[in-house]
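Beneath this line is the structure, given in structure tokens, with notes to follow.
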Amino acid sequence: MAKKFFRIVLILFLCLGFKPSEAKLFGVQNFTLSNGLEVYVIPNHKAPIAKHMLWFKVGSADEKEGKGGSAHLLEHLMFRGTKKVSGKEFEKILQENGVDSNAFTSRDYTAYHHSLDVSKLELVMALEADRFENLKISDEDFATEQKIVYQERKQVVENNPLSPFSETYQNLIWQEHPYHRPVSGTSAEILSLTKQDVEDLYQQYYTPKNAILVISGDVDTDTIKKLASKYYGKIKKSQPNSATKFPIVKNNQKAELNMQLPQVNSARYIRTYIAPSYNQAPQDIYALILFSKYLGEGETSVLYQELVLNKKLALDISSSYDYANRSYATFSISFIPAEGVSVSEIIQELDKTIYKAIEGLNIDKINNSKDKIIASLVYLKDNPFETAEIFGMLKTIGMPLTEIEDYAKNIQSVTYTQVQETALKLIKNASQYSGTISPKEQNNNV
């Protein structure tokens, strides 16, 4: 039920399949209800289907200290029913009507989504608006879902052999910043949560002013406006929440994590730079998107060509830039060494290759990266499910509608010298963290 949100949809967003200079990415139409709920409609009439997504601007970063996992637990409890519709009845109605329903929680947001035949849209809106305002949490339901979330943490997180490294690494990177918290919460935190903790979160953050509704598919704005007013418009207006204040992360900080794990078969390395997000430096994100594409995304990228194909030092290497956050972003480079090659050998070559790649940038190389980005989303607008996810995520983290729609134009306007300057600023000045996992030899002596 608490399906993890795959950040791959963010990568899918980074391109466009038509002439970018004038076209809008999604062609979104929008309006706001009197209670403050923002509604976004993305028409797509190729099939009689729709995606209904309700996004709340609350995640693990907004939880009180010691209350880790409360946002995720609330997500589970939202499927337990209301005063009007019990949890079992809620799921039964959706299943009988062929509606695929699920949800996910992240550091920055929580989203509830339904994939459906468009004829079932009003039914879904009625049910979703009901639990938006009328969630009923019984002691029995709370205890049941708390156990489920605890077991989920044990099975999905703690049974993953890389989890000890991953969570320790996140703590190293973020330190006092709330992004260091695992979305699931720790096992101890989950078991210490009370029903009041979750109800407080629901009352504070599940409000019209703190939510956005995205509907994509075979729909028209006039119909959605009538249905949204009929169901969501009845939810009480509330005062806007005070935004979570994120601490400032200092530049030029460095730290390393080295961990041996018995379950790991080969060494792995990751380097993470604390990078600007859209909310901090909107002028920088497009240059860094292009830099990541050029540097380490795909088998034609500089790092892959040089360190995997030419020098055969790594089995795989890649870069990624995750800017869709309410606070800081991250720019990461990771690799798996080839057999017989040490991590330190590759790091020496990696640093040389990065600077050489930046120095060697020119208009042809950056235009090639632009073409790859723009070509790879040819079919995005044909998929109403992906459009709802991508648009909702970007809007929820604070990106204005015009910025989302003009994405391709913004990519095209970046010069190669801007990419060089922004990349050098990141590599030289940003806080930099690295982590190495290596196999731990088993001691077979009795």
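The values are calculated or read from the model by the stated rules, or taken from the named source; none is laboratory data. Since the model is a prediction, treat every value here as computed from it, not as a measurement. Virtual Cβ from ideal backbone geometry, glycine too; neighbours counted across all protein chains shown. These accessible areas exclude ligands, DNA and RNA; they are computed on the full protein's heavy atoms, side chains included. Shrake-Rupley method; radii C 1.70, N 1.55, O 1.52, S 1.80 Å.
Amide H contacts under 5 Å for GLN253: SER431, GLN432, restricted to partners 5 or more places along the chain or on a different chain, H placed in the peptide plane at 1.01 Å from N.
If you take every DSSP beta bridge whose two residues both sit in the chain, what share of them, in percent to the nearest 5, is antiparallel? List each step's numbers first, then the result.
Values: 48 of 63 bridges.
Approximately 75 percent, going by the DSSP bridge assignments.
Each Cα pair under 8 Å and six or more residues apart adds its sequence gap; the mean of these over the residue count of region 31-149 is a relative contact order of 32 percent.
Could the peptides 235-248, 427-440 be put in order, highest first, of the mean number of other beta-carbon atoms found within 10 Å of their residues?
Taking the mean over residues of other Cβ atoms within 10 Å, the ranking is 427-440, 235-248.
Based on protein heavy atoms only, the chain ends up with 46 Å² per residue of surface accessible to a 1.4 Å probe. Within region 200-316, how many Lys pairs that are eight or more residues apart, or on different chains, come under 19 Å at the alpha-carbon? The result is 12. The aspartates and glutamates whose alpha-carbon is closer than 19 Å to the alpha-carbon of LYS24, local same-chain residues fewer than 8 away aside, are ASP218, ASP220, ASP371, ASP382, GLU386, GLU389, GLU403, GLU405, ASP406.
Shape class for region 317-361, computed from the alpha carbon gyration tensor (a ≥ b ≥ c): oblate, with a/c not under 1.5 and a/b at or below b/c. A Cα-only calculation for region 193-234 places Rg and Dmax at 14.6, 43 Å.
Return the distance in nm (one decimal) between the two label points of a simple spin-label model at GLU133 and GLN412, each offset 7 Å from Cα along Cα→Cβ. My value for the distance between the label points is 4.5 nm.
Length gained on full extension, GLU441 to LYS230: 69.6 nm, using 0.36 nm per residue less the C-alpha separation. Where the alpha-carbon atoms of region 216-284 are placed on the principal axes, they occupy 58, 33, 27 Å, in descending order. Amide H contacts of LEU315: ILE336, ALA338, each under 5 Å away and 5 or more positions distant or on a separate chain (H built 1.01 Å from N in the peptide plane; Pro and chain starts excluded). Computed from the Cβ-Cβ distance with R0 of 35 Å, the FRET efficiency linking ASP371 to ILE347 stands at 0.65.
How large a share of the accessible area of the chain, in percent, is made up of carbon and sulfur atoms when the probe is 1.4 Å and the other protein chains stay in place?
49
Restricting the calculation to Cα atoms, region 319-446 shows an Rg/Rh of 1.07 when the hydrodynamic-style radius is the Kirkwood one.
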